[in-house]
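Input: a single structure, listed below in structure tokens.
Any read-out appearing in this document is the output of simple, stated calculations on the displayed coordinates, not a laboratory observation. Keep in mind that what you see is a predicted model, and the values were worked out from it rather than measured. Cβ placement follows ideal geometry from the backbone for every residue including glycine, while neighbour counts extend to all protein chains displayed.
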Amino acid sequence: MIIRGGIVYDPSNGIFGEEMDLFIDRGKMVEEARGEEIDASGLLVMPGGVDAHAHIAGKKVNTGRIMRPDDSRLGTEPRNGVCRPSTGYTVPNCYAMGYRYARMGYTTAFEAATPILEARHTHEELQEIPIIDKGALTLFGNNWQVMECVRDKDLSKLAAYVAWGLRSARGYGVKIVNPGGGESWGFGTNVKSVNDPVPNFDVTPAEIIRGLAQANELLHLPHSIHLHFNNLGKPGNYTTAIETLDLLKDIKPSRMRQVVHVAHMQFSAYGGTGWRDFESKAPVIADYFNSHNHATMDMGQLLFGSATTMTADAPLEYGNARLTHNKWSNHDIELEESSGVVPMIYSRKMLVNAVQWAVGLELALLVDDPWKVLMTTDHPNGSPFVNYPEVVTLLMSKPKRDAEMASMHEQLQKRTGLGEIQRELDWADIAIMTRAAPARILGLPDKGHLGPGADADITIYNLKPEELDTSQDHSLVKKAISTAMYTIKGGVVVSKDGKILCTPPGRAFWVDAAVPQADTDRLMPDLQEKFAKYYSIQLSNYAVQDAYLPHANVIRAGLSIEPLQEVA
Amino acid sequence: MRSIVIAPRNVFCISVEAENISPDRFAPLKIEEIKKLIVWQGNRQKILSDLFTVDGEDSPSKAEDMAIRLSGDFSNVKRIGEGMTSGAIEVQGSAGMHAGNHMSGGILSIAGNADDWLAREMLGGRVVVMGDAGNYVGAGYRGEKCGMRGGEIEVRGNAGAYLGEHLCGGSIRVGGNAGDFPGAANQGGTIFIGGSTYLPGAEMSKGTINVRGETKVLPSFQKMEIAQIDGTDYQKYLGDLLENGKGELFVGVAVP
């Protein structure tokens with residue numbers, strides 16, 4: 001296949017808006033090829049979108065669906081010859097996720113939080129999401145075995161457990177959510193700072209984070225630790241964010257990437273002592289990111305309207321439920337996590353919501369290097385992923401931001417500095433924040449770029465970047481990027497002008513990290529004891545079988561080249 | 001006034017979804033175009049004239065000048081008058097589920113009975129049922145926090161369970177009895193029940209429920225003074241205290 005004459009943005013290969021032809025052969029980008037030609041003269045061409053943080057599969061997503069039959073009435077589409085039926089807006093069914101990502105030009109998305117115990121469910125759903133490639137990050141931050149290894153300062157055993165856990169969950173990377181807080185929630189409390197000890201474990205969140213970061217680097221995992229801070233969502237929590245990032249300054253990355261990726265930074269950049277004097281501290285956070293190179297973040301942009309908050313941060317969801325008097329699901333995941341789900345409506349007339357909206361945008365605009373900030377909405381916590389075009393146009397257009405702010409609370413100008421920010425992102429920035437950077441941050445060498453050997457995942461948008469003024473014509477931009485003209489996944493046109501043409505199954509990435517057998521041997525008696533005493537299931541039934549990943553793509557990592565021994 | 005008469009061609013064993021039977025949809029169309037409007041029977045898509053005869057004045061009109069008469073048995077035809085904003089629908093027999101849902105204006109009158117979910121999530125307008133109504137009259141559909149927000153519903157006969165669940169506004173008047181749990185989670189609407197019922201106002205936070213006949217009151221309601229309304233004595237209660245509620249419940253004092 002040949003794509004002729006597009007204006008290509010491929011930041012990883014230093015291509016910023018050059019007119020060029022692209023060649024595809026057997027699902028990969030190549031130097032020269034023949035076959036079908038697509039005329040993209042003058043149109044915007046980018047690699048397929050990569051979403052590094054979204055909640056798209058697993059038990060909490062399904063809990064959201066069960067709790068919200070009202071949501072599933074929105075966005076229904078009947079089946080047709082190609083597509084199965086779609087339902088839902090904030091918590092769509094599996095099929096709709098695949099179709100909607102593909103229509104928007106996205107070809108890869110990662111589920112951001114899965115406990116090992118519930119990984120089988122996650123993979124069952126991921127398998128049902130058509131078209132896109134995917135993976136799932138595995139939760140380790142409140143795991144008993146992790147906390148015991150950290151307490152005993154046994155790094156090699158911790159690394160062995162992380163490798164074993166990733167293998168059992170068929171997981172892609174280490175996700176940490178409110179470390180220690182989820183375990184404390186089992187006793188009705190929360191940790192209040194990174195130095196607050198976790199009940200019964202004699203460890204602090206700081207030690208858990210550092211321990212897992214060291215294990216992550218020891219194992220040479222493709223992705224860094226992926227961290228949801230303590231005190232997330234609370235006024236004044238920016239100090240916790242800075243304190244936590246400082247903990248990780250001295251850790252050496254084992255690959256060419258960050259040491260920590262901060263999830264949905266927007267929810268952790270708040271000042272004030274309570275909701276009354278709630279304000280943005282995005283400039284402080286942005287300064288930190290501008291002066292340090294060990295951390296990256298995704299925005300977690302909040303947009304007004306319906307959302308469904310879902311997180312492994314169960315005490316946070318308890319707070320949400322109290323605040324909104326809305327439906328609340330609270331869930332305990334045995335020795336691993338706790339979690340919660342609460343539906344939410346964000347209103348532009350509410351000052352707190354308006355400040356949150358502004359914080360996300362401020363972060364993205366004040367951090368100078370777009371490689372450090374990913375565009376996300378923490379789907380469906382801040383807003384459903386179908387609203388990414390709204391976020392992109394807000395970042396690209398100062399007039400649009402001004403118009404939006406004019407319709408909000410008059411106090412907003414005093415609580416944030418968004419109104420004074422003149423910066424407008426260009427297509428190069430957007431291509432980095434939605435394609436190149438997420439692929440690099442996740443450690444996916446074949447994604448997010450169009451160089452030879454890359455996966456032939458390409459988006460062609462029906463807009464001419466050389467003619468369109470993105471600042472003034474933001475509504476045209478939003479329309480064009482909401483529905484890609486062509487979405488090409490693995491060399492196949494999957495969506496054309498919003499119509500899904502075919503639904504190939506996507507691949508699932510997981511990381512198999514090798515560790516010395518001796519470390520695993522030291523680990524197993526601990527696990528055998530836990531399963532015998534505490535778990536509701538047997539150790540032999542715990543790991544996800546390969547049958548649940550029919551299109552697996554295994555990435556090798558680890559201490560040595562020897563593969564990990566099969567667990568008896 | 002432009003009048004259109006619709007009658008079923010036969011008895012429907014499989015229910016029909018006919019949200020297109022509405023003054024708003026008919027108003028700009030000629031008879032031939034109305035006949036081509038889509039309806040579903042089970043999982044089959046059909047057009048209106050496959051299942052119904054359509055007669056009446058041909059020339060398009062405004063929605064407020066539309067009068068649609070449904071002649072015959074419509075008890076297996078769902079979603080009649082969905083989202084209507086003005087005009088009138090007169091059902092001469094009974095109507096199926098979800099009649100008048102989301103309507104914001106106009107009049108829907110049903111000479112027979114109405115099935116479940118009558119006028120659910122209604123915003124305005126008026127619904128009159130001469131016979132009985134099913135469960136969930138004026139309620140919010142599954143998962144919804146707000147049911148009816150405005151308008152009036154009058155049921156001359158009896159109503160089923162969960163009358164006005166999640167009511168956020170408007171008023172419902174039932175001449176006869178109501179089933180269990182009327183006005184559950186009421187957040188600001190008004191309900192009058194002429195006959196008896198069971199456990200009204202559970203989890204209500206605002207609004208008023210008036211029960212003329214007998215009822216059992218939940219223990220989470222606070223007994224207040226005797227109040228007189230329209231010359232009748234009522235025992236007043238406040239609740240539901242479980243929700244810190246400020247709702248008012250009036251129960252008729254039986255004359256010995």
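Structure summary
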item	result
Relative contact order of region A:314-448, pairs being alpha-carbon contacts under 8 Å that are 6 or more residues apart, as %	22
Region A:46-95 - Kirkwood radius from inverse mean 1/r over Cα pairs (Å)	12.1
Length gained when the stretch A:ASN541-A:ASN326 is fully extended (0.36 nm per residue, less Cα-Cα span)	73.8 nm
For region A:536-543, 3J(HN,Hα) per residue [Karplus equation, 6.51 cos²θ - 1.76 cosθ + 1.60, θ = phi - 60°, Hz, x = Gly/Pro]	7, 10, 7, 4, 5, 9, 7, 6
Net charge dipole size for the protein assembly as shown [Lys, Arg +1 and Asp, Glu -1 on Cβ; Debye, nearest 20]	940
Dimensionless Rg/Rh of region A:193-320 - Kirkwood Rh, Rg from C-alpha atoms	0.97
Fraction of antiparallel bridges per DSSP, the protein assembly as shown only, in percent to nearest 5	45
Net charge of neighbours whose Cβ lies under 14 Å from the Cβ of A:MET485, counting Lys and Arg as +1 and Asp and Glu as -1	+4
Cysteines, chain B, no other Cys beta-carbon under 4.7 Å	B:CYS13
Burial order of peptide ranges A:50-62, A:227-239 (average beta-carbon count within 10 Å, highest first)	A:50-62, A:227-239
Shielding of B:143-149 by partner chains, average beta-carbon count, 10 Å	3
B:LYS78 long-range amide H proximity, modeled H, under 5 Å	B:VAL16, B:GLU17, B:ALA18
Scaled radius of gyration (Cα, divided by 2.2 N^0.38 Å) that region A:1-160 gives	1.37
Sequence ranges A:154-160, A:355-361, A:220-226, ranked by mean other-Cβ count within 10 angstrom, highest first	A:355-361, A:220-226, A:154-160
Net +/- balance of residues flanking B:PHE192 in space, Cβ distance below 10 Å, scoring K and R +1, D and E -1	+1
Between region A:190-204 and region A:1-72, the Cα center-to-center distance that results, in Å	43
Residue-averaged beta-carbon neighbours from other chains (10 angstrom radius) around A:64-71	2
Estimated vicinal HN-Hα couplings, Hz - region B:122-136 in sequence order (Karplus 6.51, -1.76, 1.60; Gly, Pro = x)	5, 10, x, x, 9, 10, 10, 10, 6, x, 9, 10, x, 7, 6
Choice from B:ARG79, B:ARG142, B:ARG69 with maximal GNM fluctuation in chain B (Cα, 10 Å cutoff)	B:ARG142
Integer Hz, Karplus 6.51/-1.76/1.60 couplings in order for region A:282-289, x for Gly and Pro	4, x, 5, 5, 4, 4, 4, 5
Number of partner chain Cβ atoms within 10 Å, mean per residue of A:510-523	0
Measure of compaction for chain B (Cα Rg per 2.2 N^0.38 Å)	1.07
Residues with amide H under 5 Å from that of B:GLU57, placed H, sequence gap 5 or more	B:SER3
Relative contact order %, chain A, counting alpha carbon pairs below 8 Å whose residues are six or more apart	20
Bridge type composition, region A:46-500 - antiparallel percent by DSSP, nearest 5	55
Semi-axis lengths, Å, region A:46-500, gyration tensor of Cα atoms, sqrt of 5 times eigenvalues	31, 25, 22
Projected label distance in nm at A:LYS153 and B:ILE38, using a 7 Å step from Cα toward the beta-carbon	6.9
Pairs of alpha carbons in the protein assembly as shown whose separation is greater than 46 Å (percent)	34
Among B:143-151, A:327-335, A:525-533, B:84-92, the order from most to least packed when residues are scored by Cβ within 10 Å on average	B:84-92, B:143-151, A:327-335, A:525-533
Dipole of chain A, positive direction: furthest Cα of A:ALA159, A:VAL198, A:LEU221, with charges on the beta-carbon	A:VAL198
Footprinting exposure proxy for B:SER171, A:SER347 (fewest neighbouring C-beta atoms within 10 Å first)	A:SER347, B:SER171
Antiparallel %, DSSP beta bridges [both residues in chain B], to 5	35
Unit charges on C-beta of K, R, D, E only; dipole of region A:436-568, Debye	420
Local electrostatic count at A:GLU337 - Lys and Arg +1, Asp and Glu -1, tallied over other residues with Cβ under 13 Å	-4
